[in-house]
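Below is one structure, written out as C-alpha coordinates; the observations come after it.
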Amino acid sequence: MGICFLLLVIGVCWAQYNPNTPSGRTSIVHLFEWRWADIALECERYLAPNGFGGVQISPPNENVIITDPSRPWWERYQPVSYRLCTRSGNETEFRDMVTRCNNVGVRDCRLVSLLDLALDKDYVRSKVAEYMNSLIAIGVAGFRIDAAKHMWPEDVKAILDKLKDLNTTWFSAGTKPLIYQEVIDLGGEPIKGSDYFGNGRVTEFKYGAKLGTVIRKWNGEKMAYLKNWGEGWGFVPSDRALVFVDNHDNQRGHGAGGSSILTFWDARLYKMAVGFMLAHPYGFTRVMSSFRWPRYFVDGQDVNDWVGPPSNADGSTKPVTINEDTTCGNDWVCEHRWRQIRNMVIFRNVVDGQPFSNWWDNGNNQVAFGRGNKGFIVFNNDDWHMNVYLHTGLPAGTYCDVISGQKEGNKCTGKEVYVSGDGMANFDISNSAEDPFIAIHVDAKL
(Lines give C-alpha, C1' and ligand atoms only; values in the text may rest on other atoms or scores of the structure.)
Protein backbone atom coordinates (compact mmCIF):
# COMPACT_ATOMS: atom_id res chain seq x y z
CA MET A 1 0.00 0.00 0.00
CA GLY A 2 1.16 3.45 -0.05
CA ILE A 3 2.57 6.32 -1.81
CA CYS A 4 5.86 5.64 -3.44
CA PHE A 5 8.51 7.35 -5.36
CA LEU A 6 10.29 7.54 -8.66
CA LEU A 7 12.80 4.93 -9.54
CA LEU A 8 16.20 5.21 -11.06
CA VAL A 9 16.68 3.11 -14.16
CA ILE A 10 20.10 1.49 -13.81
CA GLY A 11 21.39 0.06 -17.07
CA VAL A 12 18.78 -2.36 -18.36
CA CYS A 13 17.67 -3.39 -14.87
CA TRP A 14 14.30 -2.61 -13.37
CA ALA A 15 14.39 0.36 -11.06
CA GLN A 16 11.99 -1.20 -8.58
CA TYR A 17 14.64 -1.20 -5.82
CA ASN A 18 15.65 2.44 -5.66
CA PRO A 19 12.94 4.81 -4.52
CA ASN A 20 13.91 7.89 -6.49
CA THR A 21 12.00 10.25 -4.29
CA PRO A 22 12.35 13.94 -5.08
CA SER A 23 15.90 15.01 -4.34
CA GLY A 24 16.63 15.14 -0.62
CA ARG A 25 13.71 12.99 0.58
CA THR A 26 14.58 9.61 2.02
CA SER A 27 11.63 8.19 4.02
CA ILE A 28 7.99 7.27 3.59
CA VAL A 29 5.14 7.11 6.12
CA HIS A 30 2.28 4.63 6.41
CA LEU A 31 -0.89 6.65 7.05
CA PHE A 32 -2.79 3.59 8.19
CA GLU A 33 -6.55 3.69 7.43
CA TRP A 34 -6.59 7.43 6.65
CA ARG A 35 -9.24 8.83 4.32
CA TRP A 36 -8.02 9.96 0.89
CA ALA A 37 -9.18 13.52 1.58
CA ASP A 38 -7.10 13.68 4.76
CA ILE A 39 -4.02 12.23 3.01
CA ALA A 40 -4.27 14.85 0.26
CA LEU A 41 -4.32 17.59 2.90
CA GLU A 42 -1.46 16.01 4.85
CA CYS A 43 0.74 15.82 1.76
CA GLU A 44 0.30 19.55 1.18
CA ARG A 45 0.34 20.92 4.71
CA TYR A 46 2.84 18.64 6.47
CA LEU A 47 4.56 15.83 4.57
CA ALA A 48 6.05 17.88 1.74
CA PRO A 49 7.18 20.81 3.96
CA ASN A 50 8.87 18.36 6.36
CA GLY A 51 10.73 16.30 3.79
CA PHE A 52 8.70 13.08 3.60
CA GLY A 53 9.13 11.40 0.22
CA GLY A 54 6.10 9.14 0.07
CA VAL A 55 2.98 7.71 1.68
CA GLN A 56 1.88 4.12 2.03
CA ILE A 57 -1.91 3.95 1.96
CA SER A 58 -4.47 1.30 2.82
CA PRO A 59 -5.85 -0.82 -0.06
CA PRO A 60 -8.02 1.38 -2.30
CA ASN A 61 -10.08 -1.40 -3.89
CA GLU A 62 -13.50 -2.61 -2.74
CA ASN A 63 -13.39 -5.04 0.17
CA VAL A 64 -15.71 -7.29 2.16
CA ILE A 65 -17.72 -5.34 4.77
CA ILE A 66 -17.58 -7.29 8.01
CA THR A 67 -20.11 -6.57 10.76
CA ASP A 68 -19.10 -9.22 13.32
CA PRO A 69 -16.87 -7.91 14.75
CA SER A 70 -17.99 -4.50 13.60
CA ARG A 71 -15.81 -3.17 10.73
CA PRO A 72 -12.38 -4.53 11.82
CA TRP A 73 -9.24 -2.97 10.35
CA TRP A 74 -8.38 -6.19 8.55
CA GLU A 75 -11.49 -6.14 6.35
CA ARG A 76 -9.49 -3.84 4.05
CA TYR A 77 -7.29 -6.85 3.23
CA GLN A 78 -10.24 -8.95 1.97
CA PRO A 79 -10.67 -7.63 -1.60
CA VAL A 80 -13.82 -8.39 -3.60
CA SER A 81 -13.28 -6.25 -6.71
CA TYR A 82 -10.95 -3.73 -8.32
CA ARG A 83 -13.45 -0.87 -7.91
CA LEU A 84 -11.81 2.08 -6.12
CA CYS A 85 -14.40 2.34 -3.39
CA THR A 86 -13.64 1.88 0.32
CA ARG A 87 -14.24 3.62 3.62
CA SER A 88 -11.22 5.79 2.79
CA GLY A 89 -13.13 7.27 -0.15
CA ASN A 90 -14.25 6.81 -3.72
CA GLU A 91 -12.38 6.89 -7.04
CA THR A 92 -12.77 10.66 -7.46
CA GLU A 93 -11.26 11.28 -4.01
CA PHE A 94 -8.51 8.74 -4.70
CA ARG A 95 -7.55 10.45 -7.96
CA ASP A 96 -7.57 13.86 -6.26
CA MET A 97 -5.30 12.58 -3.47
CA VAL A 98 -2.78 11.04 -5.88
CA THR A 99 -2.68 14.20 -7.98
CA ARG A 100 -2.28 16.55 -5.04
CA CYS A 101 0.38 14.44 -3.32
CA ASN A 102 2.36 14.02 -6.54
CA ASN A 103 2.14 17.76 -7.21
CA VAL A 104 4.01 18.45 -3.96
CA GLY A 105 6.53 15.63 -4.48
CA VAL A 106 4.97 13.01 -2.19
CA ARG A 107 4.56 9.70 -4.11
CA ASP A 108 1.69 7.18 -3.85
CA CYS A 109 2.51 3.57 -2.97
CA ARG A 110 -0.35 1.19 -2.51
CA LEU A 111 -1.03 -2.42 -1.63
CA VAL A 112 -1.76 -5.27 -3.98
CA SER A 113 -2.98 -8.55 -2.52
CA LEU A 114 -2.54 -11.48 -4.90
CA LEU A 115 -3.27 -14.25 -2.41
CA ASP A 116 -5.41 -17.23 -3.53
CA LEU A 117 -5.42 -16.20 -7.20
CA ALA A 118 -4.30 -18.70 -9.84
CA LEU A 119 -1.21 -16.71 -10.67
CA ASP A 120 0.14 -19.39 -12.98
CA LYS A 121 -2.65 -18.56 -15.45
CA ASP A 122 -1.80 -15.82 -17.94
CA TYR A 123 -5.40 -14.55 -17.88
CA VAL A 124 -5.18 -13.97 -14.14
CA ARG A 125 -1.76 -12.35 -14.41
CA SER A 126 -3.09 -10.03 -17.11
CA LYS A 127 -6.15 -9.00 -15.06
CA VAL A 128 -3.99 -8.19 -12.01
CA ALA A 129 -1.53 -6.25 -14.16
CA GLU A 130 -4.43 -4.40 -15.80
CA TYR A 131 -5.58 -3.21 -12.38
CA MET A 132 -2.07 -2.18 -11.35
CA ASN A 133 -1.57 -0.36 -14.65
CA SER A 134 -4.82 1.55 -14.10
CA LEU A 135 -3.38 2.82 -10.82
CA ILE A 136 -0.07 3.70 -12.50
CA ALA A 137 -2.04 5.75 -15.03
CA ILE A 138 -3.65 7.68 -12.17
CA GLY A 139 -0.18 8.46 -10.77
CA VAL A 140 0.58 5.73 -8.23
CA ALA A 141 4.34 5.31 -7.99
CA GLY A 142 4.77 1.87 -6.47
CA PHE A 143 3.26 -1.17 -4.82
CA ARG A 144 3.56 -3.18 -1.62
CA ILE A 145 2.71 -6.80 -2.37
CA ASP A 146 0.90 -8.29 0.60
CA ALA A 147 1.78 -11.83 1.73
CA ALA A 148 4.32 -12.21 -1.09
CA LYS A 149 5.95 -15.20 0.61
CA HIS A 150 2.79 -17.21 -0.16
CA MET A 151 3.29 -16.66 -3.91
CA TRP A 152 5.93 -18.12 -6.19
CA PRO A 153 8.49 -15.40 -7.02
CA GLU A 154 8.24 -16.35 -10.69
CA ASP A 155 4.46 -15.75 -10.67
CA VAL A 156 4.94 -12.32 -9.10
CA LYS A 157 7.62 -11.50 -11.67
CA ALA A 158 5.34 -12.49 -14.53
CA ILE A 159 2.83 -9.86 -13.37
CA LEU A 160 5.46 -7.18 -12.75
CA ASP A 161 6.86 -7.72 -16.25
CA LYS A 162 3.47 -6.54 -17.59
CA LEU A 163 3.55 -3.22 -15.74
CA LYS A 164 3.87 0.02 -17.63
CA ASP A 165 6.22 2.91 -16.88
CA LEU A 166 5.07 5.56 -14.44
CA ASN A 167 2.95 8.55 -15.46
CA THR A 168 5.19 11.14 -17.14
CA THR A 169 3.14 13.97 -15.65
CA TRP A 170 5.26 13.51 -12.52
CA PHE A 171 7.95 10.97 -13.41
CA SER A 172 10.77 10.81 -15.94
CA ALA A 173 10.14 8.74 -19.06
CA GLY A 174 11.04 5.10 -18.54
CA THR A 175 10.59 5.16 -14.76
CA LYS A 176 9.39 1.86 -13.29
CA PRO A 177 7.25 1.50 -10.14
CA LEU A 178 8.90 0.73 -6.82
CA ILE A 179 8.08 -2.80 -5.66
CA TYR A 180 8.39 -4.00 -2.09
CA GLN A 181 7.17 -7.39 -1.02
CA GLU A 182 5.92 -8.57 2.37
CA VAL A 183 8.19 -11.51 3.09
CA ILE A 184 8.34 -12.52 6.75
CA ASP A 185 11.72 -14.24 7.09
CA LEU A 186 12.92 -14.46 10.69
CA GLY A 187 15.42 -17.18 9.84
CA GLY A 188 15.02 -20.95 9.98
CA GLU A 189 12.26 -21.03 7.35
CA PRO A 190 12.39 -22.63 3.89
CA ILE A 191 11.25 -19.41 2.18
CA LYS A 192 13.87 -16.65 2.25
CA GLY A 193 13.65 -12.93 1.55
CA SER A 194 16.44 -13.46 -0.96
CA ASP A 195 14.10 -15.59 -3.09
CA TYR A 196 12.26 -12.37 -3.97
CA PHE A 197 15.17 -10.01 -4.68
CA GLY A 198 14.63 -10.38 -8.41
CA ASN A 199 11.25 -8.64 -8.10
CA GLY A 200 12.12 -5.72 -5.82
CA ARG A 201 12.77 -4.87 -2.21
CA VAL A 202 11.55 -7.00 0.69
CA THR A 203 10.30 -6.11 4.16
CA GLU A 204 13.05 -6.88 6.71
CA PHE A 205 10.99 -8.00 9.71
CA LYS A 206 14.08 -8.97 11.73
CA TYR A 207 14.90 -5.24 11.92
CA GLY A 208 12.07 -4.19 14.28
CA ALA A 209 12.13 -7.46 16.22
CA LYS A 210 15.87 -7.23 16.98
CA LEU A 211 15.91 -3.47 17.59
CA GLY A 212 13.00 -3.80 20.02
CA THR A 213 14.85 -6.49 21.94
CA VAL A 214 17.97 -4.29 22.15
CA ILE A 215 16.20 -1.09 23.19
CA ARG A 216 14.19 -3.02 25.81
CA LYS A 217 17.51 -4.58 27.02
CA TRP A 218 16.02 -8.06 26.92
CA ASN A 219 18.05 -11.28 26.72
CA GLY A 220 21.25 -9.47 27.71
CA GLU A 221 21.20 -7.30 24.59
CA LYS A 222 22.94 -3.90 24.72
CA MET A 223 22.98 -0.91 22.39
CA ALA A 224 26.77 -1.31 22.26
CA TYR A 225 26.13 -4.40 20.14
CA LEU A 226 24.56 -2.22 17.41
CA LYS A 227 27.98 -1.19 16.08
CA ASN A 228 27.64 -3.61 13.13
CA TRP A 229 23.86 -3.12 12.73
CA GLY A 230 22.47 -4.16 9.38
CA GLU A 231 23.96 -6.97 7.31
CA GLY A 232 26.18 -7.78 10.30
CA TRP A 233 23.03 -8.88 12.15
CA GLY A 234 22.00 -11.22 9.34
CA PHE A 235 19.68 -8.79 7.59
CA VAL A 236 19.16 -8.69 3.83
CA PRO A 237 21.44 -6.32 1.86
CA SER A 238 20.68 -2.66 2.57
CA ASP A 239 19.70 -1.89 -1.01
CA ARG A 240 17.04 -4.64 -0.91
CA ALA A 241 15.54 -3.79 2.50
CA LEU A 242 12.40 -1.87 3.44
CA VAL A 243 12.74 -1.29 7.21
CA PHE A 244 10.49 -0.16 10.03
CA VAL A 245 10.27 -0.31 13.83
CA ASP A 246 6.65 -1.53 13.75
CA ASN A 247 3.88 -2.03 11.23
CA HIS A 248 0.09 -2.27 11.34
CA ASP A 249 0.23 -6.03 12.03
CA ASN A 250 2.96 -6.46 14.60
CA GLN A 251 2.01 -3.39 16.64
CA ARG A 252 -1.08 -5.50 17.47
CA GLY A 253 0.89 -8.62 18.28
CA HIS A 254 0.32 -10.19 14.85
CA GLY A 255 2.93 -10.98 12.27
CA ALA A 256 6.60 -11.04 13.11
CA GLY A 257 8.46 -9.91 16.21
CA GLY A 258 6.12 -10.77 19.05
CA SER A 259 6.26 -8.79 22.28
CA SER A 260 9.65 -7.23 21.51
CA ILE A 261 8.08 -4.90 18.92
CA LEU A 262 8.08 -1.27 20.10
CA THR A 263 5.02 0.88 19.36
CA PHE A 264 3.50 4.23 20.26
CA TRP A 265 2.16 2.61 23.45
CA ASP A 266 5.83 2.54 24.62
CA ALA A 267 6.42 6.14 23.53
CA ARG A 268 9.74 6.82 25.28
CA LEU A 269 11.52 3.73 23.98
CA TYR A 270 9.71 3.96 20.64
CA LYS A 271 11.09 7.42 19.92
CA MET A 272 14.61 6.16 20.60
CA ALA A 273 14.13 3.20 18.26
CA VAL A 274 12.72 5.33 15.43
CA GLY A 275 15.46 7.91 16.03
CA PHE A 276 18.11 5.19 15.69
CA MET A 277 16.49 3.84 12.52
CA LEU A 278 16.33 7.25 10.86
CA ALA A 279 19.92 8.11 11.80
CA HIS A 280 21.41 4.79 10.65
CA PRO A 281 22.17 4.33 6.93
CA TYR A 282 20.83 0.77 6.60
CA GLY A 283 17.77 0.17 4.41
CA PHE A 284 14.95 2.34 3.10
CA THR A 285 12.92 3.61 6.04
CA ARG A 286 9.17 3.68 6.63
CA VAL A 287 7.61 5.55 9.57
CA MET A 288 4.34 4.26 11.08
CA SER A 289 1.32 6.51 11.72
CA SER A 290 -1.36 4.77 13.77
CA PHE A 291 -4.72 5.12 15.45
CA ARG A 292 -5.55 4.28 19.07
CA TRP A 293 -7.86 1.46 19.97
CA PRO A 294 -9.25 0.46 23.40
CA ARG A 295 -6.77 -2.20 24.46
CA TYR A 296 -8.17 -4.96 26.67
CA PHE A 297 -5.96 -7.85 27.74
CA VAL A 298 -7.09 -11.37 28.60
CA ASP A 299 -4.30 -13.82 29.51
CA GLY A 300 -1.76 -11.41 28.02
CA GLN A 301 -3.57 -11.13 24.66
CA ASP A 302 -5.21 -7.90 23.49
CA VAL A 303 -8.70 -9.07 22.58
CA ASN A 304 -9.46 -5.69 20.96
CA ASP A 305 -6.63 -5.94 18.43
CA TRP A 306 -9.25 -6.20 15.64
CA VAL A 307 -10.77 -2.74 16.23
CA GLY A 308 -10.94 -0.59 13.11
CA PRO A 309 -10.09 3.09 12.68
CA PRO A 310 -11.86 5.87 14.62
CA SER A 311 -15.38 5.75 13.26
CA ASN A 312 -18.74 7.45 13.41
CA ALA A 313 -21.92 5.62 14.41
CA ASP A 314 -22.67 4.79 10.77
CA GLY A 315 -19.28 3.08 10.36
CA SER A 316 -17.68 5.87 8.34
CA THR A 317 -14.10 6.78 9.21
CA LYS A 318 -13.61 9.93 11.28
CA PRO A 319 -11.50 12.71 9.76
CA VAL A 320 -8.01 13.36 11.07
CA THR A 321 -8.25 16.57 13.09
CA ILE A 322 -5.19 18.67 13.93
CA ASN A 323 -4.74 20.19 17.40
CA GLU A 324 -3.19 23.59 18.10
CA ASP A 325 0.11 21.93 19.05
CA THR A 326 0.13 20.16 15.62
CA THR A 327 -0.65 16.72 17.11
CA CYS A 328 -3.74 14.84 15.93
CA GLY A 329 -7.17 14.41 17.49
CA ASN A 330 -10.05 11.94 17.04
CA ASP A 331 -7.84 9.09 18.35
CA TRP A 332 -5.39 9.37 15.44
CA VAL A 333 -1.88 8.94 16.91
CA CYS A 334 0.13 10.51 14.06
CA GLU A 335 3.59 9.45 15.21
CA HIS A 336 4.99 11.13 12.09
CA ARG A 337 3.92 14.46 13.61
CA TRP A 338 5.78 13.88 16.88
CA ARG A 339 8.56 16.49 16.97
CA GLN A 340 11.28 13.92 17.64
CA ILE A 341 10.27 11.70 14.71
CA ARG A 342 9.58 14.53 12.26
CA ASN A 343 12.95 16.10 13.01
CA MET A 344 14.73 12.77 12.56
CA VAL A 345 13.10 12.37 9.13
CA ILE A 346 14.71 15.73 8.31
CA PHE A 347 18.00 14.54 9.90
CA ARG A 348 18.03 11.53 7.56
CA ASN A 349 17.52 13.79 4.56
CA VAL A 350 20.40 16.05 5.63
CA VAL A 351 22.88 13.18 6.14
CA ASP A 352 21.85 11.17 3.06
CA GLY A 353 24.86 9.66 1.32
CA GLN A 354 27.20 10.26 4.28
CA PRO A 355 29.08 7.28 5.76
CA PHE A 356 28.43 5.67 9.14
CA SER A 357 31.22 7.14 11.28
CA ASN A 358 32.66 8.05 14.71
CA TRP A 359 31.01 5.20 16.60
CA TRP A 360 31.35 5.35 20.39
CA ASP A 361 29.92 3.23 23.18
CA ASN A 362 30.49 2.68 26.90
CA GLY A 363 30.19 -1.09 26.59
CA ASN A 364 26.57 -0.94 27.69
CA ASN A 365 23.66 1.21 26.51
CA GLN A 366 25.27 4.59 25.93
CA VAL A 367 26.16 4.87 22.25
CA ALA A 368 26.82 7.53 19.64
CA PHE A 369 27.59 7.68 15.94
CA GLY A 370 27.91 10.18 13.15
CA ARG A 371 27.05 10.42 9.48
CA GLY A 372 30.22 11.82 7.95
CA ASN A 373 30.50 15.56 8.59
CA LYS A 374 26.74 16.21 8.43
CA GLY A 375 25.15 14.75 11.58
CA PHE A 376 25.71 13.10 14.96
CA ILE A 377 23.41 11.30 17.41
CA VAL A 378 23.90 10.19 21.04
CA PHE A 379 21.74 7.81 23.15
CA ASN A 380 21.65 7.14 26.89
CA ASN A 381 19.62 3.99 27.44
CA ASP A 382 21.45 3.13 30.66
CA ASP A 383 20.07 3.53 34.17
CA TRP A 384 22.60 6.20 35.10
CA HIS A 385 23.57 9.72 34.04
CA MET A 386 25.71 10.31 30.97
CA ASN A 387 28.26 13.13 30.66
CA VAL A 388 30.91 12.59 27.99
CA TYR A 389 33.04 14.43 25.45
CA LEU A 390 32.82 12.85 22.00
CA HIS A 391 34.29 13.42 18.57
CA THR A 392 31.39 14.38 16.31
CA GLY A 393 33.12 14.89 12.96
CA LEU A 394 31.09 18.09 12.52
CA PRO A 395 32.36 21.62 11.79
CA ALA A 396 32.84 23.92 14.78
CA GLY A 397 29.84 25.91 15.94
CA THR A 398 26.68 25.95 18.01
CA TYR A 399 24.05 23.37 17.05
CA CYS A 400 20.41 22.95 18.03
CA ASP A 401 19.45 19.53 19.36
CA VAL A 402 16.56 18.43 17.12
CA ILE A 403 15.12 16.05 19.73
CA SER A 404 14.40 18.51 22.57
CA GLY A 405 13.57 21.26 20.07
CA GLN A 406 14.89 22.64 16.80
CA LYS A 407 16.43 25.66 15.14
CA GLU A 408 13.99 28.54 14.68
CA GLY A 409 15.47 31.67 13.19
CA ASN A 410 18.74 32.39 15.01
CA LYS A 411 17.96 30.44 18.18
CA CYS A 412 17.30 26.94 19.49
CA THR A 413 13.96 26.02 21.06
CA GLY A 414 15.64 23.12 22.91
CA LYS A 415 19.17 22.23 24.00
CA GLU A 416 22.28 23.71 22.42
CA VAL A 417 25.41 21.70 21.63
CA TYR A 418 28.79 23.41 21.21
CA VAL A 419 31.24 21.73 18.82
CA SER A 420 34.84 22.91 19.17
CA GLY A 421 37.42 23.34 16.42
CA ASP A 422 38.62 19.76 16.82
CA GLY A 423 35.08 18.40 16.39
CA MET A 424 34.64 17.54 20.08
CA ALA A 425 31.42 18.24 22.01
CA ASN A 426 30.02 17.58 25.47
CA PHE A 427 26.84 15.50 25.79
CA ASP A 428 25.02 15.55 29.12
CA ILE A 429 21.95 13.27 29.10
CA SER A 430 19.97 12.25 32.18
CA ASN A 431 18.76 8.67 32.29
CA SER A 432 15.42 10.04 33.50
CA ALA A 433 14.99 12.50 30.60
CA GLU A 434 11.75 12.30 28.64
CA ASP A 435 13.87 11.71 25.53
CA PRO A 436 17.31 10.41 26.54
CA PHE A 437 18.98 11.13 23.22
CA ILE A 438 20.40 14.13 21.34
CA ALA A 439 20.77 14.66 17.60
CA ILE A 440 22.51 17.49 15.73
CA HIS A 441 23.04 18.16 12.04
CA VAL A 442 24.51 20.89 9.86
CA ASP A 443 21.15 22.39 8.91
CA ALA A 444 20.43 22.95 12.60
CA LYS A 445 23.62 24.97 13.15
CA LEU A 446 23.25 28.56 14.34
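The values are calculated or read from the model by the stated rules, or taken from the named source; none is laboratory data. Please read these numbers as outputs of a predicted model, since none were measured by experiment. For neighbour counting, all protein chains shown are included, and Cβ atoms are generated from backbone atoms with ideal geometry for every residue, glycine included. These area figures cover heavy atoms from the full protein model, side chains too; ligands, DNA and RNA do not enter into them. Shrake-Rupley method; radii C 1.70, N 1.55, O 1.52, S 1.80 Å.
The fraction of Cα-Cα pairs per 10 angstrom bin, counted from 0 for the stretch 349-409, comes to 20, 49, 29, 2 percent, rounded to whole percents.
Loop-located chymotrypsin sites (Phe, Trp or Tyr not before Pro) across the stretch 195-304 with a Cβ neighbour count of 11 or fewer within 10 Å are Y296, with loop assigned by DSSP.
Note on V442 and R45: the extension gain reaches 140.4 nm, defined as 0.36 nm multiplied by sequence separation minus the Cα-Cα distance.
With springs only between Cα atoms under 10 Å, which of G283, G257, G414 fluctuates most in a Gaussian network model of the chain? So, out of G283, G257, G414, the one fluctuating most is G414.
Take the Cα of V124, go 7 Å toward its beta carbon, and the backbone nitrogen atoms of the stretch 151-176 under 11 Å from that spot belong to 151-152, 155-156.
Pairs spanning more than 24 Å between alpha-carbon atoms, out of K127/K206; K192/K217; K227/K374: K127/K206; K192/K217. The label-point distance for T321 and E62, in a model that sets each label 7 Å from Cα toward Cβ, rounds to 3.3 nm. The C-alpha atoms of the chain define a longest principal axis, and helix 267-279 lies at about 90 degrees to it.
Taking the longest Cα principal axis of the chain as reference, the axis of helix 205-216 is set at about 30 degrees. Rolling a 1.4 Å probe over the protein heavy atoms of the chain, with every protein chain left in place, gives an accessible area that is 50 percent carbon and sulfur. On the beta carbon distance between A396 and D165, with R0 = 56 Å, the FRET formula returns roughly 0.75.
Rounded to the nearest 10 degrees, the inclination of helix 91-103 to the longest alpha-carbon principal axis of the chain is 40 degrees. Around the amide H of C85, modelled in the peptide plane, lie the amide H atoms of E62, all under 5 Å away and 5 or more residues distant in sequence or on another chain.
Computing FRET efficiency as 1/(1 + (r/R0)^6) for S23 and A137, where r is the C-beta to C-beta distance and R0 is 25 Å, gives about 0.50. Extension gain for the segment S81 to A313, taken as residue separation times 0.36 nm less the Cα-Cα distance, is 80.9 nm to one decimal.
Per residue of the chain, what 222 nm ellipticity follows from adding -39500 (n - 2.57) for every DSSP H run with n ≥ 4, rounded to the nearest 500? Before the final figure, lay out the partial values.
Details: 7 runs with 83 residues, N = 446.
Value at 222 nm, helices only, nearest 500: -6000 deg cm²/dmol.
Note that the stretch 223-269, at 37 °C in a medium of 0.692 mPa s, gets a Stokes-Einstein diffusion coefficient of 267 µm²/s from its Kirkwood radius over C-alpha pairs. Modelled label positions at K227 and H254, each set 7 Å beyond Cα in the direction of Cβ, lie 4.1 nm from each other.
So, for the chain, what is the accessible surface per residue at a probe of 1.4 Å, expressed in square angstrom?
Heavy-atom accessible area per residue stands at 38 Å².
Highest mean packing comes first when the peptides 324-337, 29-42, 302-315 are listed by Cβ atoms within 10 Å, giving 29-42, 324-337, 302-315.
Note on N103/D331: beta-carbon distance plugged into 1/(1 + (r/R0)^6) with R0 of 25 Å gives a FRET efficiency of 0.25.
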